[in-house]
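Before any comments, here is the structure.
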Amino acid sequence: MKSLGIIGGVGPESTIEYYQNIIALYRERQRDGSYPEFIINSVDLKKGLDFMAANNLTGMADYLLEEIGKLARAGANFGLISANTPHIVFDEVASKSPIPLISIVEATCAAANARKLKRLGLFGTRFTMQGTFYPKVFSREGIELVAPEAKDQEYIHDKYLNELVPGKFLPETRDGLLAIVDRMQAKSDIDGVILAGTELPLILCDADHKEIPLLDSTRIHCQAAVAEMFS
């Protein structure tokens, strides 16, 4: 069994979700009563946010590589970063990482492609919605990504950092997020939404909204990790 290493803490709420998902998915496959052994390095979220706010992508990459090195030294055979935004530097980090890394973007793209979804809304932090790292991967499969309108991006980013990351999940925020899905479906004719923020599935818990699939990037990433454990 390959040993998984996780960069966690970015943010803490979704790291708990990764932990629970990986155990549950492992036990679905391994029915002998055992539990998976894996390593979590919970890093300082504020450091990551400060690098992003300053647009210091080199600093972000170096920080992640330093922390991934700890996972490798602890015995991890492969790893993942349990957040979407840090994937803005994934290519650079993966090329220098001492262990192979599973990309949440690649895994989510494969899941969307398997469902034959071709036009998807993209929810996440401002860095994710305005970045090129998601469209770059999805365009290879002929999948078009649509970001929300500017005011809706501001709303999602604000609620994400100031409510979801600290663990506050309000019904009115859920309604506000789903209203954005409705507007995007009416205006842009999307056939799904990527929850490209690992806290988003904690407030948008359903698999779909009015028959519009909501792709849970956290669970998809965990499924890819457990598959690699067994490979």
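Here, each number is a calculation from the coordinates, and none is a lab measurement. Being a predicted model, the structure only gives us computed values, none of them experimental. Ideal geometry is used to build each Cβ from the backbone, glycine not excepted, and the neighbour counts take in all protein chains shown.
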Cα long-axis angle, helix 12-29 against the chain (0 to 90 degrees, to the nearest 10): 70 degrees
Say each of residue 13 and residue 35 gets a label point 7 Å from the Cα, pointing the same way as Cα to Cβ; how far apart are those two points in nm? 2.5 nm
What is the log10 of I(q)/I(0) for the chain, computed with the Debye formula using one identical point scatterer on each Cα and no solvent, at q = 0.08, 0.13 Å⁻¹? -0.27, -0.74
Integer Hz, Karplus 6.51/-1.76/1.60 couplings in order for the stretch 144-160, x for Gly and Pro: 8, 10, 10, 8, x, 4, 3, 5, 6, 4, 4, 4, 4, 4, 4, 5, 4
Could I have the simple spin-label model distance between residue 115 and residue 130, label points 7 Å from Cα toward Cβ, reported in nm to one decimal? 2.8 nm
For the ranges 8-15, 99-106, what's the packing order if you count other beta-carbon atoms within 10 Å of each residue, average per peptide, and put the highest first? 8-15, 99-106
Among rounded, prolate and oblate, which fits the stretch 105-216 when a ≥ b ≥ c are the square roots of the eigenvalues of its C-alpha gyration tensor, a/c under 1.5 means rounded, and a/b larger than b/c means prolate? prolate
Using alpha carbons only, how many angstrom separate the centre of the stretch 94-144 from the centre of the stretch 10-24? 20 Å
Quick query: amide H of residue 194 versus all other amide H atoms, modeled in the peptide plane; which residues come in under 5 Å with a sequence gap of 5 or more or a different chain? 121, 122, 123, 215
Expected vector for the stretch 47-64, Karplus 3J(HN,Hα) from phi with 6.51, -1.76, 1.60 and θ = phi - 60°, integer Hz, x for Gly and Pro, equals 4, x, 5, 5, 4, 5, 4, 8, 6, 8, 6, 5, x, 4, 5, 4, 5, 4
Step through the table entries 46/151; 2/46; 151/187, compare each Cα-Cα distance with 20 Å, and write down the pairs that go over it. 46/151; 2/46
Hey, what do the phi angles of the stretch 205-216 turn into as Karplus ³J(HN,Hα) couplings, whole Hz, using 6.51/-1.76/1.60 and θ = phi - 60°, x for Gly and Pro? 7, 7, 6, 8, 9, 6, 6, 8, x, 10, 7, 7
